[in-house]
Amino acid sequence: MSHAKPNDPNLSPGSARIGLVLFVMYVLLYAGLIGIVLFRPELLSTRPFGGVNLAIAYGMGLIGAAFLLAIVYMIACRMVEGSPASRQAASSGGVRKKQHRD
Amino acid sequence: MLYETSPLAIAIFSVFVLSVIGLSFFLGRKGQSAQGYYAAHGEIHWFVNGIAFAGDYLSAASFLGICGMIAFYGYDGFLYSIGFLAGWVVALFVIAEPIKRLGKFTFADALDSQFNSPGIKLAVATSTLVVSIFYLIPQMVGAGDLISPLLGLPHTAGVVLVGVSVTLIVVTAGMVSTTWVQFIKGSLLVFFCGVLTVMILNRGLIVNAGGDAGVELKPQVKTICPDGMRLIDGEPQSKTHDLRPVGTIKSLPARYAGQASTGPLGPLAYLSAIEDSTIVTWSSKKHTDVQGVHTTYSPVERSGKDLLKPGGYFKGLTTGTLSDKLDFASLMLALFCGTASLPHILIRYYTVKDQAAARKSTVVGIAVIGAFYVLTLYLGLGAMVSGALDPTSSNMAAPLLAKTFSTTLFAIISAIAFTTVLGTVSGLIMAGSGAVAHDLVENYFQIPLSDHEKVRCGKIAAVGLGIVAMVLGVAFRNFNVSFLVGWAFNIAASANLPALVMLLFWPRTTKQGITAAVSVGMVSSLTWILLSADTFEKVYGWSREASIVPFSQPGLVTIPLGFVVLIVVSFLSPRPTQRTG
């Protein structure tokens, strides 16, 4: 992928960038729960969605979000890796890696 | 409490163990290559590998520990579930594909792929062994602890049974048989936890469950006399005079006024009904005098609202100081960063054929493990109000809950608890075997090995590790080991994650930087743990106040320390020329 830095042979074409974006999204969600537990614990007893309290809803939401983001990642990777530009970048990356061994 | 031995549990467990050992011999009957022994030829289907991730990862701590913690303390056990699952996000988005691309058999392969440095090999192999052994001890002690109440055999028998079975499984067909054992265990565990959850929801909530007479709400005292005799309320303990089971609902929500039971409930309705109920949990208090050590178990009425918010186990969250809060944040950070640094998880990426398969198997792993952790919430809460809890042992919550439905289910859940231990221990021994034979003997000491010798060396290492695991399982039998899993996560995250992340994302990373980060991360986290208040109190039996570190969980300090050390040492060492261009 053209975004991959040429001096960084470890970055896989395309998928690494998507992975990082999704990773940051999840970190913010996870940190959000820890932040509420530490600084605004009283919010966790509220019932923003009716039935269950925020503590349960957020916890279940984090587990669901991990799965949802994983599916998004899988689909996005398939789209990126399927594109002609990506296949070309991947093959040139292979050449670059081979040159290192030489 | 004293338990009836279940012949059915023994039968189910025996059938399972004999089947997997038979399967291992079947899989191992062909001659084996190193690629086959260490990485299952890279031919495991991604779906099977995904379920095997669950079998590898969901240890006894996950199954019995979390259910018990939720049953005793409420929501805080679920925080562990959330943290354990979140770690998989790091594995999927950051680690999975590079690990698969850069390595061959072990985690050290990946970290060392650009450098060929003896320092990296030694440091990473050592950290792999340290983490694996810290993780092995609680698994083996857990096996010993479980076998007495469930199968009626002594502690040592449990440890030896698990040790011998796992060593046989690993030695016969290496990663191939390990994968299939983990696949079978993962499937059984999630399936039967699902069945149990459906039964819990179908039963709904019952006021004062636990038989016609219900649970008597008066304190009970257990005494251990200096001569080892056990008394319950002053009389010798026996099967007819034992601690009463505990954990009940005192009153249901107002919408069920006048009813003794809610009837079947949906998954969300169950949680909201618990929240609006009044529940009787049990506290324990110890005191010692000349007659022995007395533990008094007393009923405590609590609202469901209190139980479904944090603070039951992590008491510092509601009343505590800054250091209590930092301790909690540090634990959640270690859980988040530790999963993707555990050697027995990382080696599973070498069993699939390519990066896409590594990615897909992680997604399957997340789905199965996530579903399991949602189920643990229902199992834990179901046990909390089942009227069947053993006040002395939170680990028995899930099997005892199953017993309230049928003795067959109890036998199945008990047998599965053992298979849980088998799956995780086989993964750990496999990781340690690779670290010894591939990283240390072949790569660090540069002893030339043919393909056949490399497999033999791995098998010898596996037998050695199996013996070490059994010895430690017996030696640590009276030791409070539940927090050793937390130690393993902290050490793995501090030693391995900074090196791996920086290698992938910072081109200036040098071999000296990686070696220093792994060594400092491992030593600093271990030292911090040995100096912490938790260790002072639970291991040495000293006062918590004597501890010289501000909080017990090291991750909040030692994970960033690993990054800082790597950056500083990399800047101080020559630029890595082979990585540019």
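The values are calculated or read from the model by the stated rules, or taken from the named source; none is laboratory data. Source: prediction; values computed, not measured. Here the Cβ positions follow ideal geometry from the backbone for every residue, glycine too, while neighbour counts run over all protein chains shown.
Brief remarks follow.
- Members of segment B:231-253 that are over 30 Å from residue B:307 (Cβ atoms) and either not in a loop (DSSP other than H, G, I, E, B) or not charged (D, E, K, R) (or both): B:231, B:234, B:235, B:236, B:238, B:240, B:241
- Single unsatisfied condition, residue B:505 versus (1) surrounded by fewer than 17 Cβ atoms within 10 Å (Cβ to Cβ); (2) among the hydrophobic types (A, V, I, L, M, F, W, C); (3) over 18 Å from residue B:108 (Cα atoms): (3)
- Within segment B:283-301, residues that are more than 17 Å from residue B:226 (Cα to Cα) and free of Cβ contacts under 8 Å to residues at least 60 places away in the same chain reach partners that are of a type in the set (Lys, Arg) and in a strand (DSSP E or B) with beta carbons closer than 9 Å, at six or more positions or on different chains, in the pairs B:301/B:250.
- Screening residue A:61 with (1) surrounded by fewer than 19 Cβ atoms within 10 Å (Cβ to Cβ); (2) at the interface with another protein chain (Cβ under 9 Å from one of its Cβ atoms) gives one miss only, at (2).
- Filter result for the condition that a residue is crowded, with 19+ Cβ neighbours inside 10 Å, away from every other protein chain (no Cβ under 14 Å) and within 23 Å of residue B:112 (Cβ to Cβ), over B:525, B:450: B:525
- Filter pass, residue B:305 being part of a helix (DSSP H, G or I), of a type outside the set (S, T, N, Q), over 30 Å from residue B:92 (Cα atoms) and in contact (Cβ under 8 Å) with a residue 24 or more places away in the chain: yes
- Selection over segment B:536-565 of residues that are assigned to a loop (DSSP other than H, G, I, E, B) and without any contact (Cβ under 8 Å) to a residue 12 or more places away in the chain gives a count of 3.
- Conditions (1) within 19 Å of the chain's Cα centre (by Cα); (2) farther than 20 Å from residue B:504 by Cβ: number failed by residue B:161: (1)
- Selection from segment B:154-172 of residues that are at pLDDT below 85 and either surrounded by fewer than 24 Cβ atoms within 10 Å (Cβ to Cβ) or not in a helix (DSSP H, G or I) (or both): B:154, B:155
- Helices (runs of 4 or more DSSP H) wholly inside segment B:350-460 containing at least 2 residues that are of a type in the set (Ser, Thr, Tyr), at pLDDT 90 or above and touching a Phe, Trp or Tyr at 6+ places or on another chain (Cβ under 9 Å): B:355-384
- Cβ pairs under 6 Å, 6+ apart, first in segment B:337-352 and farther than 20 Å from residue B:37 by Cβ, second polar (S, T, N, Q): B:341/B:496
- Residue in segment A:18-31 that is modelled with pLDDT under 90, in a helix (DSSP H, G or I) and aliphatic (A, V, I, L, M) present: yes
- Condition check for residue A:93: surrounded by 15 or more Cβ atoms within 10 Å (Cβ to Cβ), out of contact with any helix residue (DSSP H, G or I) (no Cβ under 8 Å at 6 or more places or on another chain) and either at the interface with chain B (Cβ under 8 Å from one of its Cβ atoms) or modelled with pLDDT under 90 (or both): yes
- Among the residues of segment B:272-291, at least one is more than 24 Å from residue A:40 (Cβ to Cβ), within 11 Å of another protein chain (Cβ to nearest Cβ) and in contact with a helix residue (DSSP H, G or I) (Cβ under 9 Å, 6 or more places away or on another chain).
- The condition (being buried (at least 22 other Cβ atoms within 10 Å of the Cβ) and touching an Asp or Glu at 6+ places or on another chain (Cβ under 9 Å)) is satisfied by just one residue among B:34, B:39, B:96, B:91: B:34.
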